[in-house]
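All remarks here apply to the structure that follows.
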Amino acid sequence: MLDLNLSPNFDSNKGYSRRQFITHASCFGAFYGLAKMIPLPALAAELAGDSRVSQTVIADKGFASVRKIGNGLYATISDYSKGPVTICNGGFLVGKDAALLLEGFASPAGAAFQMDTLRTVSQVPVKAALDTHYHFDHSMGNAFYGANGVQLYAHAAAAKRIVDSYAPLQGADKDAALAPLEKQVRDAKSETEKQHAQGDLGAATSVYAIANATVLALPNHPVDPAKGTKFDLGGLTAVVESLPGHSGTDLVVRVPEQNVVYTGDLLFNGWYPVCFDEKATVSGWRDTLKKFASWNKETIFVPGHGQVCGQEGIATIREVFDDIADQAEKMFKAGVPVDEAQHRYVVPDKFKNFPIFAWGFTIGPAITKLYAEWQSK
Ligand SMILES: [Zn+2]
């Protein structure tokens, strides 16, 4: 989830500066706070009556399950509360001639689970796999594809972002790497700030562990964001396009004939959105969500995190962004400094069950980015 460019800045003796590490570590850490305590909700009522969506799953390992959501279309949905094998959602598309696998997940075991499940429904050759963006929970299992000769597609900037963000963590001294976040906890100016800092530290600790538990593997088919790409799987065409918002490397995979979209992390369904990537833009992301909202009313969305949903999921995340922006704007107009404002957002009752990975990866940076956008006007 973040953006990093760590390599030029990382000094293995001194560790990261606080800002660098946060940027860096947020990716991983984000998922290790509150989020891991909250089980995946059941399928929404809106989809319970949709004949395209199977009410039973075809595989269930606890950490993830797979459900049919269309003709040849499957969604792999993670339940982070049951373990960090996959962490993110994914899916696979099966045509008459070939299959496409989505996401590298958080570990090779996660990618293997999805491949094994594909083989329970079809023996067609795998044409390719695709990472919707470079973040660790979508790419740390890429080595599975490398080992199995599967061609791997991603946004043209993804490979470099993987290397810049995660290679410096591998083999780095843990105490040195985490020291700036420990300091952030010690230096917190209020109980609220301290809680936020502890969540960030927990997240960073987990990120460090995940990055050191895998072998990095890079996409070998860069997708030009201006052109996108298409996969003809035999009677089933997947259209890939780049949209702004979450990571600067985001791709969505659409099956227009069936009104099904795999959004990657451009949609967090029932979660606070992870905004800390240096290439994340709140305005760009809100534009993307507006575009999703303009698509067919019957569209099924497979989000990057959270349960499969219809347009109600898009409406809800737009409300979350509206609420963050409303509260931030009031503080901005009242002259509250950004360092204070980023900790002062109040979660309203209607979103109180929404996982917040860690404050410093979600709400805090959303407010910081909104301030920057307003200041540049
Ligand atoms: Zn992400």
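The values are calculated or read from the model by the stated rules, or taken from the named source; none is laboratory data. Predicted model, so just to flag it, every value in this text is computed and none were measured. Cβ placement follows ideal geometry from the backbone for every residue including glycine, while neighbour counts extend to all protein chains displayed. All accessible areas refer to the heavy atoms of the entire protein, side chains included, with ligands and DNA or RNA removed. Shrake-Rupley method; radii C 1.70, N 1.55, O 1.52, S 1.80 Å.
Here are some notes:
- When +1 charges are put on Lys and Arg Cβ atoms and -1 charges on Asp and Glu Cβ atoms, the dipole computed for the range 210-341 relative to its Cα centre reaches about 300 debye.
- Using a cut-off of 30 Å between Cα atoms, the listed pairs Lys227/Lys352; Lys194/Lys352; Lys350/Lys377; Lys127/Lys352; Lys227/Lys330; Lys174/Lys227 include Lys227/Lys352; Lys350/Lys377; Lys127/Lys352; Lys227/Lys330; Lys174/Lys227 as exceeding that distance.
- Listed by chain and number, the aspartates and glutamates whose C-alpha is less than 13 Å from the C-alpha of Lys61, apart from same-chain residues fewer than 8 away, are Asp79, Asp116.
- Projecting the Cα positions of Leu178, Ala106, Ala159 onto the charge dipole of the range 97-193 (unit charges on Cβ atoms of Lys, Arg, Asp and Glu, taken about the Cα centre) puts Ala159 furthest along the positive direction.
- Rounded, prolate or oblate (a/c below 1.5 giving rounded, otherwise prolate when a/b exceeds b/c) for the range 288-375 by Cα gyration tensor: prolate
- For the chain, the fraction of alpha-carbon pairs in successive 20 Å shells from zero, as %: 31, 59, 10, 0
- Cα gyration tensor, the range 181-295 - rounded (a/c under 1.5), prolate or oblate: prolate
- Student exercise, the chain dipole from Lys, Arg, Asp, Glu Cβ charges, in Debye to nearest 20: 140 debye
- Of all DSSP beta bridges in the chain, antiparallel share, percent nearest 5: 65 percent
- Net charge of Cβ neighbours under 13 Å - reference Thr299; Lys, Arg +1; Asp, Glu -1: -1
- The range 167-239: relative contact order as a whole-number percent, Cα under 8 Å and 6+ apart: 27 percent
- Sorted largest first by accessible area at a 1.4 angstrom probe radius, with every protein chain in place, the residues Lys96, Lys297, Lys61 fall in the order Lys297, Lys96, Lys61.
- Most mobile of Ala129, Ala167, Ala48 in a GNM of the chain (Cα contacts under 10 Å): Ala48
- Separation of alpha-carbon centers, the range 219-256 and the range 276-316, rounded to whole Å: 16 Å
- When the surface is traced with a 1.4 Å probe over the full set of protein chains, Lys279 keeps roughly 110 Å² accessible.
- Area of Ser283 that stays accessible when all protein chains are in place (1.4 Å probe, Å², to 10): 60 Å²
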